1. Taking the stretch 128-161, which residues are part of a helix (DSSP H, G or I), under 19 Å from residue 54 (Cα atoms) and under 14 Å from the mean Cα position of the chain (by Cα)?
2. Mind listing just one residue for me: the one in the stretch 162-174 that is free of Cβ contacts under 8 Å to residues at least 24 places away in the same chain and not in a helix (DSSP H, G or I) and, of those, surrounded by the most Cβ atoms within 10 Å (Cβ to Cβ)?
3. Please indicate, with yes or no, whether at least one residue in the stretch 107-118 is within 29 Å of residue 48 (Cβ to Cβ) and outside any helix (DSSP H, G or I).
4. Quick check on the stretch 1-53: of everything there that is assigned to a helix (DSSP H, G or I), at pLDDT below 95 and of a type in the set (S, T, N, Q), which residue is nearest to residue 105 (Cα to Cα)?
5. Out of all the residues in the stretch 64-93, which are surrounded by 15 or more Cβ atoms within 10 Å (Cβ to Cβ), out of contact with any His (no Cβ under 8 Å at 6 or more places or on another chain) and without any contact (Cβ under 8 Å) to a residue 40 or more places away in the chain?
6. For the stretch 175-206, give me each residue that is closer than 28 Å to residue 9 by Cβ and surrounded by fewer than 16 Cβ atoms within 10 Å (Cβ to Cβ).
7. Name the single residue, out of those in the stretch 115-141 being touching a residue at least 24 places away in the same chain (Cβ under 8 Å) and among the acidic types (Asp, Glu), that is farthest from residue 94 (Cα to Cα).
8. If the requirement is being within 22 Å of residue 166 (Cα to Cα) and in contact with a Ser or Thr (Cβ under 6 Å, 6 or more places away or on another chain), which of these qualifies: 97, 120?
Amino acid sequence: MSNNVHEQAECSTHISLLRHGECEGGHIFRGSTDVALSSQGFDNMLARCEAHDWPWQHVLSSPLQRCKRFAEHVAQDKSLSLSTDDDLREIYFGDWEGQDIANMWQENEQALLAWGQNPEAFTPPNGELLSDVAIRVNNAFAQMLQIHRGQQLLVLAHGGVIRVLLAHILGMPLSQIGRIDIPYASLSQLAIYHYPGREDVIKLLNLNSLGSVK
């Protein structure tokens, strides 16, 4: 679709999706466990924002500290308003929460393989259904467009949340979200064009920009 078509839009909303950086605690299933960023993770997120420096007007964040603490820093540094949305929290892994991934591969290889091959069909014991995650993430996205229509947003979120949202936007089945790689501290950008009397047009402008990071 040409840019001339988008010039007919009533307005546009631009969303920068920033995944949190490396965390304390090693290689575990973090999920909804509220762990802190490592110093390297914070620095990488800071470098990402400085490299792009979009004219953001609002910061929206998951309530988990690995997103929220950095969101607070950006909001204060750039004098931006800040809000959190519980629907942006990471998937809850149930009995897998906080478990060491290497140990899990030794003890539950078949379960991990089943989950990796189709996370929509296989749910960790006592964990959150991926379909339920999709409902809340899509609801969060709809709220962004309603409340912040026509604005530039910086959204701090998690790998699973960003994958689910991108799958929705790109028309991918949830069973295939493992095909979308979302590295730590990577930034992806969306443009949503709003037209009077018809559906919005959503474009993925940039996927997983890493810029110059140590």
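1. Residues of the stretch 128-161 that are part of a helix (DSSP H, G or I), as a first pass: 130-147, 159-161.
Checking which are under 19 Å from residue 54 (Cα atoms) leaves us with 144-145.
Once the filter is applied, which keeps residues that are part of a helix (DSSP H, G or I), under 19 Å from residue 54 (Cα atoms) and under 14 Å from the mean Cα position of the chain (by Cα), the stretch 128-161 yields only 144.
2. Residue satisfying both the conditions and the ranking: 172.
3. Among the residues of the stretch 107-118, not one is within 29 Å of residue 48 (Cβ to Cβ) and outside any helix (DSSP H, G or I), which makes the answer no.
4. 3
5. The answer is 65, 69, 72, 73, 75, 84.
6. Residues of the stretch 175-206 closer than 28 Å to residue 9 by Cβ: 180, 182, 186-206.
Passing the criteria: 195, 196, 197, 198, 199, 200, 201, 203, 204, 205, 206.
7. 120
8. Details: 97 fails: within 22 Å of residue 166 (Cα to Cα).
From the options 97, 120, the qualifying one is 120.
The values are calculated or read from the model by the stated rules, or taken from the named source; none is laboratory data. Not measured: the values here are computed from a predicted model. Virtual Cβ from ideal backbone geometry, glycine too; neighbours counted across all protein chains shown.
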